[in-house]
Amino acid sequence: MKLLVTGGCGFIGSNFILHTLESHPDVSIINLDLLTYAGNLENLQDAEPYGERHRFVRGDIADRDLVRSLMSREPDAVVNFAAESHVDRSIMDSCSFITTNVVGTQVLLDACREFGIKRYVQISTDEVYGSLGPEGAFTEGHAVCPNSPYAASKAAADMLVRAYHKTHGMDVVITRCSNNYGPYQFPEKLIPLMISNALNDQELPVYGDGRNVRDWIHVLDHCRAVNLILRDGRSGEVYNIGGASEYTNIEIVKYILRRLDKPESLIRFVADRPGHDRRYAMDFSKLHSEMGWRPIVGFEEGLNQTISWYIEHDAWWQRIRSGEYREYYEKWYGQR
């Protein structure tokens, strides 16, 4: 199988590539990534031993000519991880979110249709459903009701994917996952931000009262699910992916501080984010019943592993904070 993976230098995309190369020796991957602020080629240093099975192309999924040239290589499937994904950034300026998440998806779909690509997988998010009450969980039948510009752009992309299936008969699948954590996550997200700030003895900013609830999943469990859905998911369907691990933000922050033996006095409550969804939880019973998938990494185990990873890879996130990581691409490119 030959895959075109977009956004493969980001957090989830790079973990997916590494997991796929290791666990599926019959797969080769073309990795298209623009290397915006959250894209980091250092995430894929461990892919180098796989040689030509992983080929990196720097470029934009909204670049129609480039995308068509890659589709002409006849990949068997496209897995679209490429996205602007940070809610705070979308609140400040949503332009890049519309360009990448909506227009970029449309360009990929048009090219897939033109070149007869067998399958298209859209990596979406639980945030398209909006905010959940204190009970229950999102099912695939819940209405799409986004509350942030980021979530709205992802919901719009999902609607395009659905429309291309209904109108053109394209073989598409949409996945919607809960909050991911694990190695190589860009340190503006909650868990890596709190770990890195605590290690530097800096304040840990927590929105509002810190009691917003998220369902957490280890990124490798997410990657396992995507690989299953890529192969066995039913065309035109949506599949929720969840970790069955609901925690408030403040619970996670305090756990990290205890694990690092840092004082809770580092916590600083800040003004809440506009439109901040109170709770997410995912019902993944459809994925379990059809493909037997369930998360296998317990949250405490996974969070301890993640904290240890950030301790052991201090240089990686310090280079991101300083901006030095942006120089890695030029070094990598100059050697080729």
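The values are calculated or read from the model by the stated rules, or taken from the named source; none is laboratory data. Computed from a predicted structure; not experimentally measured. With ideal geometry, Cβ positions are generated from the backbone for all residues, glycine too; neighbour counts draw on all protein chains shown.
Annotation: Ile61 fulfils all but one of (1) under 29 Å from Glu188 (Cα atoms); (2) assigned to a helix (DSSP H, G or I); (3) in contact with a strand residue (DSSP E or B) (Cβ under 7 Å, 6 or more places away or on another chain); the unmet one is (2). The residues of region 267-282 that are crowded, with 18+ Cβ neighbours inside 10 Å and of a type outside the set (Lys, Arg), listed by number, are Ile267, Asp277, Tyr280, Ala281, Met282. Just one of (1) in contact with a Gly (Cβ under 7 Å, 6 or more places away or on another chain); (2) closer than 30 Å to Asp46 by Cβ; (3) in a helix (DSSP H, G or I) fails for His165. It is (2). The set of residues in region 77-130 that are small (Gly, Ala, Ser), within 15 Å of Asp33 (Cα to Cα) and at pLDDT 95 or above comprises Ala82, Gly104.
Taken together, the criteria place Thr125 among residues that are in contact with a Lys or Arg (Cβ under 6 Å, 6 or more places away or on another chain), of a type in the set (Val, Ile, Thr) and surrounded by 15 or more Cβ atoms within 10 Å (Cβ to Cβ).
When Ser196, Ser245 are checked against the criterion of being closer than 29 Å to His19 by Cα and free of Cβ contacts under 8 Å to residues at least 60 places away in the same chain, a single residue qualifies: Ser245.
Restricting attention to region 77-98 and to residues that are among the polar types (S, T, N, Q) and assigned to a helix (DSSP H, G or I), the residue that is farthest from Ser28 (Cα to Cα) turns out to be Ser90. Does Ile191 fit the bill of being of a type outside the set (Ser, Thr, Tyr) and either within 27 Å of His313 (Cα to Cα) or surrounded by fewer than 17 Cβ atoms within 10 Å (Cβ to Cβ) (or both)? Answer is yes for this residue.
If we scan region 99-111, do we find a residue that is on the phi > 0 side of the Ramachandran plot and either in a loop (DSSP other than H, G, I, E, B) or crowded, with 24+ Cβ neighbours inside 10 Å (or both)? No, region 99-111 has no match at all. None of Glu74, Glu52 is surrounded by fewer than 18 Cβ atoms within 10 Å (Cβ to Cβ), without any contact (Cβ under 8 Å) to a residue 40 or more places away in the chain and either assigned to a helix (DSSP H, G or I) or touching a helix residue (DSSP H, G or I) at 6+ places or on another chain (Cβ under 8 Å) (or both) except Glu52. Taking the stated definitions as given, is Gln185 polar (S, T, N, Q), surrounded by 19 or more Cβ atoms within 10 Å (Cβ to Cβ), outside any helix (DSSP H, G or I) and touching an Asp or Glu at 6+ places or on another chain (Cβ under 8 Å)? So Gln185 does not fit the description; no.
The residues of region 131-154 that are of a type in the set (D, E, K, R) and modelled with pLDDT under 95 amount to a single one, Glu135. Selection of region 276-286 for residues being more than 12 Å from Gly243 (Cα to Cα) and of a type outside the set (D, E, K, R) yields only His276.
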